[in-house]
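A short write-up of the structure that comes next.
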Amino acid sequence: MSRAPGARPMFRAAPTRVRVPATSANLGPGFDALGLALGLYDDVVAQVSDDPGIRVDVHGEGADSVPRDHRHLVAKSMLRGFDALGGRPRGLDLVCANRIPHGRGLGSSAAAIVSGLLLARALVVGGDDRLPDAELLELAVALEGHPDNVAACLYGGVVVAWTRSTGGTHVLRLRPAPGIVPVVCVPSTAVATKKARALLPETVPHADAAFNAARAALLVPALTSRPDLLLEATDDRLHQQYRRPAYPRTGDLVAKLRAAGIAATVSGAGPTVLALTDAATAGDVAALAGARFTTTVLDVDTQGARIVPLEG
C-alpha cells in the first residue's frame, strides 16, 4: 500500500458525522467471502481538537464496556487512517451512537473500523485523493482480518470479497433481489468471534467442501434474481455445525426455521440468527424464535457507509 504523498495534511476544523451499517457475513455457505449490509446503523461524530489526546463519548450498545480513549476501535482505526494520510492531528473528540449489538455476529467491529477510516479521510483536506477507496478497503481488511464484513459495510448491498492470488482484496458488488426481507434474531448473550473461530476444524471432509462449493455458487443467483432458491442456497456444512456447542439455542433456532421453510443461517460468527424471508413470512420468524431472542425486521442497506449531515 502506498503512503500518502506530500507534506503533512491539513485538517478540517468542522465536526464530521459518518453512518455505517450492520452486516451479516457468510450467509450460510459463503464463509469469509459473502456479506450483506443491513438497515441498522451506528453513527459517529468526530472533530479535530487542539487539546492533545483522544476523548470518546459512547451512547447505546457497548456504552458500559468499551474504552473511552485511544484504545476504542473507532479511535484506533482513525489513527491508522491518519497515518496513511500523512500525519495525525493533535487531538480528537468522538461521539458514538451505537445501535449495532456487540459480540453478536452483526459486524460491530467492521462498522467501527470503517467509520474510523472514513472519518479520518473526511477530516483531512484532500483526503479522498490521499486515501482512495481501494487503499481504504485494504486498511480495513488489515484491521479486521477478513474482508466480508468490512466490504459489505463500506459498499452496502451484497458483496463477494476475496484475496487475489497476486495479493490485495477484490470486491464484487451485487444488487440484491427486490423483496428479500432480512430478519435478525439476537440473543442476550454475546460470543466472541475468536472463541467461535477456535471451534472450527483444520480440515473438513471432501464431500462437505463440495457441498458448500455448490451452495455458495447457488447463493449468488438466489440473492440477486432467484430468492425462491434461498432455502437450499443457504445450507452449510463448513462452519455452523462445528460452532453449535458455543450457542446451542442459536443452532436450534436455525434448524427450526429451516424446517419451517425459512432460509436461516448463523449471522457471521454468531450467535445472532439471520433469516432471509419475504414480507409475507417475516412475521413468522418472531413467533418461531420466541422470547429468548430479540427479533427485528430490517431492510437491506444498499448505500453502505457514508458521510451524513450533523442533523437529521
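Quick note: the coordinates plus some simple rules give every number you see, no bench work behind them. Every value quoted in this text rests on a predicted model; they were computed, and no experiment measured them. Please note: Cβ atoms are built from the backbone with ideal geometry, for glycine as well, and neighbour counts cover all protein chains shown.
Could you please rank 307, 100, 113, placing first whichever residue has the fewest other Cβ atoms within 10 Å of its Cβ? Write down the numbers at each step before the final one.
On the way: 307 12, 100 24, 113 29.
So the residues, fewest neighbours to most, are 307, 100, 113.
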For the chain, take the longest principal axis of its alpha carbons; what is the angle in degrees between that and the long axis of helix 133-144, to the nearest 10 within 0 to 90? 70 degrees
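For residue 306 and residue 49 in the same chain, what is the full-extension length gain: residue separation times 0.36 nm, less their Cα-Cα distance, in nm?
Details: separation 257, 0.36 × 257 = 92.52 nm, distance 2.24 nm.
This chain segment gains 90.3 nm when fully extended.
Assigning unit charges at the beta carbon (Lys, Arg +1; Asp, Glu -1) and nothing else, what dipole magnitude in debye, to the nearest 20, does region 181-297 show about its Cα centre? Could the numbers behind the result be given before it?
Numbers: 12 positive and 9 negative charges, 94 e Å.
Value, rounded to 20: 440 debye.
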For region 16-172, take the alpha-carbon Rg, divide it by the Kirkwood Rh, and send me Rg/Rh. 0.96
Quote the FRET efficiency, to the nearest 0.05, computed for residue 170 versus residue 292 with a Förster distance R0 of 45 Å and r equal to the Cβ-Cβ distance. 0.70
Considering the Cα trace of region 214-312, what is its radius of gyration and what is Dmax, both in angstroms? 15.1, 46
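So how much slack lies between residue 70 and residue 90, counting 0.36 nm per residue of separation and subtracting their Cα-Cα distance, in nm?
On the way: separation 20, 0.36 × 20 = 7.20 nm, distance 1.25 nm.
In short, 5.9 nm is gained.
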Quote the Stokes-Einstein diffusion coefficient, in whole µm² s⁻¹, for region 255-309, based on the Kirkwood radius over alpha carbon pairs, a temperature of 25 °C and a viscosity of 0.890 mPa s. 193 µm²/s
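What percent does the relative contact order of region 24-72 come to when contacts are Cα pairs within less than 8 Å and at least six residues apart? It would help to have the intermediate numbers written out before the result.
Details: 31 pairs, mean separation 11.0, N = 49.
Contact order relative to length: 22 percent.
Given an 8 Å cut-off on Cα distances and at least 6 residues of separation, report the relative contact order of region 181-297 as a percent. If you can, show how the numbers build up before the last one.
Values: 165 pairs, mean separation 48.6, N = 117.
Averaging sequence separation for qualifying contacts and normalising by length gives 42 percent for region 181-297.
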What does the charge count near residue 90 come to, summing +1 for each Lys or Arg and -1 for each Asp or Glu among other residues with Cβ under 11 Å from its Cβ? -1
Once the mean 1/r over all distinct Cα pairs of the chain is inverted, what Kirkwood radius in angstroms do you read off? 19.9 Å
Put +1 on the Cβ of every Lys and Arg and -1 on every Asp and Glu Cβ in the chain; which of 41, 174, 108 then has its Cα farthest towards the positive end of the dipole? 108
Which order do the peptides 11-17, 86-92, 134-140 come out in when sorted by mean C-beta neighbours inside 10 angstrom, highest first? 134-140, 86-92, 11-17
Got a sec? Charge dipole of the chain, +1 on Cβ for Lys and Arg, -1 for Asp and Glu; which of 134, 280, 305 is way out at the positive end? 134
Can you list the residues, at least 5 places off or on another chain, whose amide H is less than 5 Å from the amide H of residue 308, using H built in the peptide plane? 17, 18, 19
Reachable lysines, given that their alpha-carbon falls under 23 Å from the alpha-carbon of residue 76 and they are not under 8 places away in the same chain: 194, 195
P(r) of region 125-174 over all Cα-Cα pairs, binned every 10 Å from zero, in whole percent: 27, 54, 19, 1
In debye, nearest 20: dipole of the chain around its Cα centre with unit charges on the Cβ of K, R (+) and D, E (-)? 480 debye
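Given Cα pairs under 8 Å that are at least 6 residues apart, what percent is the relative contact order of the chain? The partial results should precede the final answer.
Numbers: 711 pairs, mean separation 78.2, N = 312.
Over the chain, the number comes to 25 percent.
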Got a sec? Charge dipole of the chain, +1 on Cβ for Lys and Arg, -1 for Asp and Glu; which of 217, 23, 86 is way out at the positive end? 86
